[in-house]
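Asks: One structure is given below, represented as structure tokens, and several questions about it will come after.
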Amino acid sequence: MNYSISDLAGEFGVTTRTIRFYEEKGLLRPQREGTRRIYSTADRTRLRLILRGKRFGFSLEDIRQTLDLYDRDGGKTAQRQKAYELALKRLAAMEAQRAELDVAIADLRAELGDAEAKGLVPRRAA
């Protein structure tokens, strides 16, 4: 099945500019008929993987490396292993960020509570 750029943009809730950007970066390689881009089912799958990778916070380079492995070995072991390793690293980074955020939130709550207790600001509604 083939898709137009508008088809993919609508399906995935992104702009056509976003899709062209991924094409410029070499992540998508649609066929061309004159100035028209024609995306295959494989391109659609690649876009889904790109957007999933971005949602998880992977860099475009990480995404490119994973997709390139898929191109080389047909999506078998090498791609799965690379994706797994990248996911483990990303999860560790996200958990570290969450821990830092938890500390910052606790500190900010304490500061707000202190200001309220000293009567410097009105108390917040519970």
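Asks: How about segment 1-95: which trypsin sites (Lys or Arg not before Pro) there lie in a loop by DSSP and see at most 12 other Cβ atoms within 10 Å? Walk me through the intermediate numbers first.
Replies: Numbers: sites: Arg17, Arg20, Lys25, Arg32, Arg36, Arg37, Arg44, Arg46, Arg48, Arg52, Lys54, Arg55, Arg64, Arg72, Lys76, Arg80, Lys82, Lys89, Arg90; in loops: Lys25, Lys76.
Sparse-neighbourhood loop trypsin sites (Lys or Arg not before Pro): Lys76.
Asks: Any idea how far apart Ala117 and Leu88 come out in nm if each label point goes 7 Å out from Cα toward Cβ?
Replies: Going by the 7 Å Cα→Cβ label model, 4.4 nm.
Asks: Taking all protein chains in place and a 1.4 Å probe, what share, in percent, of the accessible surface of the chain do carbon and sulfur account for? Don't jump to the answer; show the numbers that get you there.
Replies: Numbers: 4780 of 8890 Å².
The value for the chain is 54 percent carbon and sulfur by accessible area.
Asks: Something else about it: List every residue whose amide H lies under 5 Å from the amide H of Phe56, counting only residues 5 or more places away in sequence or on a different chain, with H placed 1.01 Å from N in the peptide plane.
Replies: none
Asks: Then there's this: Where Lys and Arg each count +1 and Asp and Glu each count -1, what net charge lies around Asn2 among other residues with Cβ under 11 Å from its Cβ? Show your work: numbers first, answer last.
Replies: Details: positive: Arg36, Arg37, Arg44; negative: Asp7, Glu33, Asp43.
Local charge sum for Asn2: 0.
Asks: Dipole of the chain, Cα-centred, from +1 at each Lys and Arg C-beta and -1 at each Asp and Glu C-beta, to the nearest 20 debye? Please list the in-between numbers first.
Replies: Details: 25 positive and 19 negative charges, 94 e Å.
Computed charge dipole of the chain: roughly 440 debye.
Asks: Kirkwood Rh, Cα Rg: Rg to Rh for segment 1-125? Spell out each step's value before the answer.
Replies: Working: Rg = 21.9 Å, Rh = 17.7 Å.
Rounded to two decimals, Rg/Rh equals 1.24.
Asks: Next question. Please state the equivalent ellipsoid semi-axes for segment 11-85: what are the square roots of 5 times the Cα gyration tensor eigenvalues, largest first, in whole Å?
Replies: After diagonalising the Cα gyration tensor, the semi-axes are 22, 15, 10 Å.
Asks: To continue, here is another question. Could you estimate the translational diffusion coefficient of segment 54-113 from the Stokes-Einstein equation, with Rh from the Kirkwood formula over C-alpha pairs, at 10 °C and 1.306 mPa s, in whole µm²/s?
Replies: Working: Rh = 13.5 Å.
So the translational diffusion coefficient is about 118 µm²/s.
Asks: If you count only protein heavy atoms with a 1.4 Å probe, what accessible area per residue comes out for segment 11-126, rounded to a whole Å²?
Replies: Numbers: 8310 Å² over 116 residues.
Each residue of segment 11-126 exposes 72 Å² on average to a 1.4 Å probe.
The values are calculated or read from the model by the stated rules, or taken from the named source; none is laboratory data. Note that the coordinates shown come from a computational prediction; the quantities given were computed from them, not determined experimentally. Positions of Cβ are generated from backbone atoms using ideal geometry, with glycine treated the same way; all protein chains shown enter the neighbour counts. Please note that ligands, DNA and RNA were not included when accessible areas were found on the heavy atoms of the full protein model with its side chains. Shrake-Rupley method; radii C 1.70, N 1.55, O 1.52, S 1.80 Å.
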